[in-house]
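One structure is given here, and the rest of the page talks about it.
The values are calculated or read from the model by the stated rules, or taken from the named source; none is laboratory data. Worth saying up front: this structure is predicted, and the values here are computed from it rather than measured. Because the Cβ atoms are built from the backbone with ideal geometry, glycine has one as well, and the counts that use them run over all protein chains shown.
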Amino acid sequence: MADILIHDAIVLTVNQDHQILKNGSIRIADGTIQAVDPTAPADRDRSADRVIDAGGKVVLPGLIDAHRHTDFTLVQGLFSELEGEELLKEALALYHSAEPTLGDGFFEAAWQLACLRQLTHGVTTVNAMDFTPALGAEAIGDAGLRGVIGPELADFLKPDTPDEQLAEAREFIETHHDTYEGRVRASIAPGGEAGCTRALWDGVADLRDEYPELRLHTHLYDSDAADTMAAGSGADDPLDLLEQYDLLDERTLLTHLLHADRDDARRIAAAGAHVLHCPTVYSYFQAGERTWFPLPALTEFGANIAIGLDDPFWFDSWDLLQEAKHARLLSNFEYGAQQWSSYDLIKMLTIDAAQALGLDDRIGSLEPGKRADLVIIDIDTPRLQPFSNLPSVLTNSVTAGDIETVIVDGTILMEDNQVRSMDVEQVRAAAARERERLQAETGWGTSLAGSSPPDTSILRRVSGRPLVRALKQYGRGFVHEHV
Ligand SMILES: [Zn+2]
């Protein structure tokens, strides 16, 4: 007997044949998809622990956010009206002054809120890079979600020595990798060419040898100083830096690449490395000369591309469907129309991202044998009817608010917009409490009209060598993620 039977759904399988069932049934048992077939009359009577009548609804694989930071989720709304350089300075100052005093309670509340946002936006899997990975592993695991979490290694920004950071990363991997029935996994996550010294890269290469099954997740080419930073580490350019440590292959995830060129695209594709693209954060806060990642060359050479929200709390949107829409619009604006089809975007949010994470044998499509991670979206509304191109509706009209039901690993986490796997009121209360504490500690003011930074100068709020060094190095560029 099936644990869950979904019938009469439009099923967007995202399988190899790109099959869309007009009227389909999905049977789930033991967390695994048993069958995806056209709905037969018998399906409606068949017994299962849970039968979901999905008439007028679309079922698609759970969405995968391919690149995100989480620690400072509770700054939501503080930065949304700043321009790029201002954002960088204020974020560095706030993060640095807040981090030592706020403690685990603050970051726990941040992860909880992030999980709630992720879940209610249909993001069943996140690829995160954070300074509080253990809190993240527990939050994601307990919420029933799936996540790949990398302890961010960056000795330009963290006071801990490379050895201390690497030891912590090793402990995280040993303790948390492949826990929660495989839903929580670890990655190796050096900040990037701009955040790490050679001593750290040496240790990263050792970690890679020790844990060959893990993904290497890093930022690359996100500032125009990328080549200079790589040269400071004795490499010709950022890709050469990775090659020197034997870190550029099909297990490598490279995010941003804003300043990468055609030849970089060729080398990335030839290595089989994956590209994580985060369009909103860069277009929203972009400072200085406009630049975009080398999409035409990446496409020509066949690189795999996935999409991430990066720092969703900076620009007040956790909607990955909208993120895909931005990816298309901004890339079309830069390079001309038809950079991606609607179905390409759906694939990037599902199977392509699963492939980047090395999880495409488990998730990313709706096929027998895969873990049951899926979302159910109500499209039977006057707002969306009639339509003829489902991928277009999903990537142009549907928003996360239309997502009704979310299932991960065969467990219903949200049903008819009701979250089942988290105590929503407790999450809200903790977020409000910790947010108030953050503002009291840092002097940030807020009103319904916006926010205002503290009066004291940024430099007086900033203390500690690593951060001052970072400000000097990156003050002119926009390298938001290294904070
Ligand atoms: Zn980032």
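Data overview
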read-out	value
Residues of the range 262-290 that turn out to be out of contact with any Ser or Thr (no Cβ under 6 Å at 6 or more places or on another chain) and either β-branched (V, I, T) or modelled with pLDDT of 95 or more (or both), as a count	18
Answer from R469, R465, R460, R476 - the residue that is at pLDDT below 50 and either assigned by TED's automatic domain parsing to the domain that holds T161 or exposed (fewer than 12 other Cβ atoms within 10 Å of the Cβ) (or both)	R465
Any chance Y221 is touching a helix residue (DSSP H, G or I) at 6+ places or on another chain (Cβ under 6 Å) and within 30 Å of D240 (Cα to Cα)	yes
Candidates V36, V59, V14, filtered to the one that is assigned to a loop (DSSP other than H, G, I, E, B), of a type in the set (V, I, T) and away from the ligand (no atom under 16 Å from the Cβ)	V14
Options L357, L394, L345; residue that is under 27 Å from T291 (Cα atoms), modelled with pLDDT of 95 or more and in contact with a helix residue (DSSP H, G or I) (Cβ under 7 Å, 6 or more places away or on another chain)	L345
Qualifying position, being surrounded by fewer than 20 Cβ atoms within 10 Å (Cβ to Cβ) and out of contact with any strand residue (DSSP E or B) (no Cβ under 9 Å at 6 or more places or on another chain), among A271, A235, A225	A225
Some residue of the range 70-91 being among the small types (G, A, S), crowded, with 24+ Cβ neighbours inside 10 Å and farther than 24 Å from D142 by Cβ	no
The range 156-182, subset of a type in the set (S, T, N, Q) and within 30 Å of G62 (Cα to Cα), residue nearest to the chain's Cα centre (by Cα)	T179
Tally, over the range 308-320, of residues that are under 11 Å from the mean Cα position of the chain (by Cα) and within 13 Å of the ligand (Cβ to nearest atom)	5
Test for A114: is it within 16 Å of the ligand (Cβ to nearest atom), closer than 22 Å to L321 by Cα, outside any loop (DSSP other than H, G, I, E, B) and not assigned by TED's automatic domain parsing to the domain that holds E404	yes
Checklist (1) within 16 Å of the ligand (Cβ to nearest atom); (2) more than 20 Å from S342 (Cβ to Cβ) applied to F301, failing item	(1)
Boolean, T120 is buried (at least 24 other Cβ atoms within 10 Å of the Cβ) and outside the structural domain of T411 (by TED's automatic domain parsing)	no
Subset of the range 300-317 [surrounded by fewer than 24 Cβ atoms within 10 Å (Cβ to Cβ) and over 16 Å from F285 (Cα atoms)]	E300, F301, G302, A303, N304, I305
The range 69-85, subset within 15 Å of the ligand (Cβ to nearest atom) and part of a loop (DSSP other than H, G, I, E, B), residue farthest from the chain's Cα centre (by Cα)	F79
Criterion (farther than 30 Å from A429 by Cα and surrounded by fewer than 18 Cβ atoms within 10 Å (Cβ to Cβ)) met by exactly one of T39, T32	T32
Of residues in the range 183-213 being within 17 Å of the chain's Cα centre (by Cα) and among the hydrophobic types (A, V, I, L, M, F, W, C), the one farthest from H274 (Cα to Cα)	V184
Some residue of the range 137-148 being modelled with pLDDT of 95 or more and within 16 Å of the ligand (Cβ to nearest atom)	yes
Condition broken by G336, with the remaining ones in (1) free of Cβ contacts under 8 Å to residues at least 40 places away in the same chain; (2) assigned by TED's automatic domain parsing to the domain that holds R185; (3) closer than 22 Å to R251 by Cβ satisfied	(3)
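For every residue, the table says whether it meets (1) in a strand (DSSP E or B); (2) on the phi < 0 side of the Ramachandran plot; (3) of a type outside the set (A, V, I, L, M).
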residue	(1), (2), (3)
L21	yes, yes, no
R27	yes, yes, yes
H67	yes, yes, yes
A98	no, yes, no
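A quick yes/no check of all residues on (1) buried (at least 16 other Cβ atoms within 10 Å of the Cβ); (2) in contact (Cβ under 8 Å) with a residue 24 or more places away in the chain; (3) farther than 30 Å from V184 by Cα; (4) in the same structural domain as L12 (by TED's automatic domain parsing):
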{"position": "L330", "(1), (2), (3), (4)": "yes, yes, yes, no"}
{"position": "W340", "(1), (2), (3), (4)": "yes, no, yes, no"}
{"position": "I346", "(1), (2), (3), (4)": "yes, yes, no, no"}
{"position": "G364", "(1), (2), (3), (4)": "yes, yes, no, no"}
{"position": "N396", "(1), (2), (3), (4)": "yes, yes, yes, yes"}
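Quick grid of which residues meet (1) surrounded by 22 or more Cβ atoms within 10 Å (Cβ to Cβ); (2) touching a helix residue (DSSP H, G or I) at 6+ places or on another chain (Cβ under 9 Å):
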position: A109; (1), (2): yes, yes
position: D130; (1), (2): yes, yes
position: E174; (1), (2): no, no
position: E193; (1), (2): yes, yes
position: D206; (1), (2): no, yes
